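Trainee: Can you keep this structure in mind? I'll have questions shortly.
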Amino acid sequence: MATKRVKEKNGTGENLDLEPEDRISDLPDAVVLHILSFLPTIAAVRTSFLSKRWRRMWTLVPVLDFYDQRDLDYLRKPNGNKDRKKFFKFVNECLKHPYADTTITRFKLKAEFYGGGHRVDGWLKFPVNKSVKELDLHVSPTNSVYCLPSAILCMRTLTVLNLNGLELLISSTKVCLPSLKVLHLVNIDMHDLALNNLLLGCPYLEKLHIHYCSGLLNPLVLSSSMKSMEYRAGYRNYAQTMEVDARNLLSFVYKGGNNKCNINLVRCVAVRNLSFSGACLTHQWLEDLIPQLSFLESLNVDSCYGVKHIKIMNQHLKNLDLDCRTDELDLLEVAVDAPSLVSFTYSGYLMLRISVNAPDLLYADINVCGQLKKAAYDMEWYTRLINFLSEFNGTKKIHIFCGYEKAIIIPNELREIYPSPLSDLKYLKVKTAFPLFRKVMFKKSLLWIAPSLETLAIE
């Protein structure tokens with residue numbers, strides 16, 4: 001790379017010779033290739049114009065990344081079919097290079113699909129022939145859906161497979177992915193049997209994500225190696241029942257789109273992290289499941305419909321997160337019996353009725369969401385707040401976030417009736433969504449709530 005000598009005047013009016021330093025040219029090839037691997041392929045190709053040294057450098061990059069909408073910005077003049085042809089030509093030209101001395105570790109393709117799968121089929125022969133380790137394929141359907149070729153499902157070197165917007169027809173196709181560790185399926189059209197056959201061909205799979213896939217009605221997720229699973233249902237595409245048989249599963253995350261699904265996790269005895277969001281559950285189902293998970297450490301229940309009462313009993317539970325920011329959950333009652341609990345988080349519009357047996361609780365985060373109107377802070381509200389806070393009197397630290405300062409200013413009438421709910425608390429941090437206008441009253445109320453404070457932080 002050439003450098004240019006320039007002159008600049010200093011404070012005394014004298015000319016100083018300044019020569020910009022070209023540090024990139026001094027970098028070893030391995031470092032340059034590592035930097036280029038983070039760029040889109042089209043940007044890496046454009047570096048070939050910098051100097052003779054860079055002319056073939058892009059052909060040594062171990063990552064190929066093609067994205068039609070982004071790459072067309074580089075190719076200029078976006079105007080429909082002509083642009084798509086430019087992108088097709090660019091990908092074809094790139095894949096013509098032999099890359100004989102280059103190990104391609106990752107191949108990424110994101111493009112809209114307009115039918116005629118032979119073109120994409122041809123492109124995918126490249127990662128198959130190069131035995132890539134990571135394949136990220138996102139083919140957005142327009143007037144038709146692209147069907148994944150069977151050769152992809154027999155790539156023995158593949159460790160990560162991300163599929164988006166495709167159709168999987170593998171009821172009779174042999175699947176052989178012995179090295180696959182991570183599988184992401186997003187907006188995939190497939191039926192239950194296709195998923196079953198796919199998982200049978202992944203004997204060492206550790207991480208599975210299934211997001212917004214259509215056609216799965218009663219999936220069976222069977223894997224002895226899987227450690228993490230996340231399922232997200234759409235409002236239209238969701239399973240009616242789901243059975244997960246994974247004895248080594250450590251983390252299960254379910255986001256249900258407010259749809260009812262009967263979930264069977266009985267055989268997942270090793271689960272440590274459990275999360276339900278927007279699911280339609282019953283309190284009896286939760287009460288039966290949680291005690292069976294002997295290794296459960298973290299539980300998150302977020303806006304789950306159909307649950308009015310929750311009884312959480314687990315000897316090993318350490319972290320509990322309850323998010324009740326849904327109108328149907330305002331009257332939720334919770335009983336927690338978790339002697340090992342160290343962290344508790346609650347978010348909601350109202351103070352739920354709660355009883356807590358957690359003698360070793362270190363931290364409680366209470367988020368009183370701001371959508372509740374100031375006029376709604378009546379005597380019932382403050383009474384429920386006092387009762388709620390009293391369940392956390394033995395906690396070491398408490399953080400409270402509220403929308404309005406009025407939510408925390410306890411009326412004098414109630415202060416004369418009730419004892420301070422947090423009489424033993426030493427550390428309290430309070431933050432409001434809006435500026436404080438009654439700072440003195442606000443602070444007095446906090447000192448009544450927790451009269452033994454050593455640290456009070458107000459934001």
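Trainee: Within the range 148-166, can one find any residue that is under 25 Å from the mean Cα position of the chain (by Cα), of a type in the set (A, V, I, L, M) and over 28 Å from T102 (Cβ atoms)?
Mentor: No, the range 148-166 contains no residue that is under 25 Å from the mean Cα position of the chain (by Cα), of a type in the set (A, V, I, L, M) and over 28 Å from T102 (Cβ atoms).
Trainee: Write out, first by first residue and then by second, each pair whose Cβ atoms fall under 9 Å of each other, whose residues are 6+ apart or on separate chains, and whose first residue, in the range 184-199, is buried (at least 22 other Cβ atoms within 10 Å of the Cβ) while the second is assigned to a strand (DSSP E or B) and of a type in the set (G, A, S).
Mentor: Final answer for the pair search is I188/S214; M190/S214.
Trainee: Now for a separate question. Which of (1) more than 20 Å from I312 (Cα to Cα); (2) in a loop (DSSP other than H, G, I, E, B) does P359 not meet, given it meets every other one?
Mentor: (1)
Trainee: Still on this structure, I have one more. Any residue in the range 448-459 that's within 11 Å of K426 (Cα to Cα): show its pairings with residues that are surrounded by 13 or more Cβ atoms within 10 Å (Cβ to Cβ) and aromatic (F, W, Y) at Cβ separation under 6 Å, as long as the two are six or more apart or on different chains.
Mentor: Short answer, once both residue conditions are applied: T455/Y427.
Trainee: Also: Which residue, of H316, H283, is modelled with pLDDT under 90 and within 27 Å of S355 (Cα to Cα)?
Mentor: H283
Trainee: A further question on this structure: Mind checking which residues of the range 175-197 are part of a loop (DSSP other than H, G, I, E, B) and touching a Gly at 6+ places or on another chain (Cβ under 7 Å)?
Mentor: V175, C176, L177, N187, M190, H191
Trainee: Let me ask something else. Could we say that V271 is more than 12 Å from R232 (Cβ to Cβ), within 23 Å of the chain's Cα centre (by Cα) and among the β-branched types (V, I, T) here?
Mentor: yes
Trainee: From the list V253, V269, which residue is assigned to a strand (DSSP E or B), touching a Lys or Arg at 6+ places or on another chain (Cβ under 9 Å) and not aromatic (F, W, Y)?
Mentor: Every option except V253 fails the conditions.
Trainee: Mind listing just one residue for me: the one in the range 363-402 that is of a type in the set (D, E) and at pLDDT 95 or above and, of those, nearest to D321 (Cα to Cα)?
Mentor: Per the stated criteria, the residue is D365.
Trainee: Criterion first (crowded, with 17+ Cβ neighbours inside 10 Å and in a loop (DSSP other than H, G, I, E, B)) does L425 satisfy it?
Mentor: Taking the combined requirement at face value, the residue satisfies it.
Trainee: Here's another thing I want to ask about it. Just for the range 141-170: of the residues that are touching a helix residue (DSSP H, G or I) at 6+ places or on another chain (Cβ under 7 Å) and of a type outside the set (A, V, I, L, M), which one is nearest to M226 (Cα to Cα)?
Mentor: Ranking the qualifying residues of the range 141-170, first place goes to P149.
The values are calculated or read from the model by the stated rules, or taken from the named source; none is laboratory data. Since the model is a prediction, treat every value here as computed from it, not as a measurement. Backbone-built Cβ (ideal geometry, glycine too); neighbour counts: all protein chains shown.
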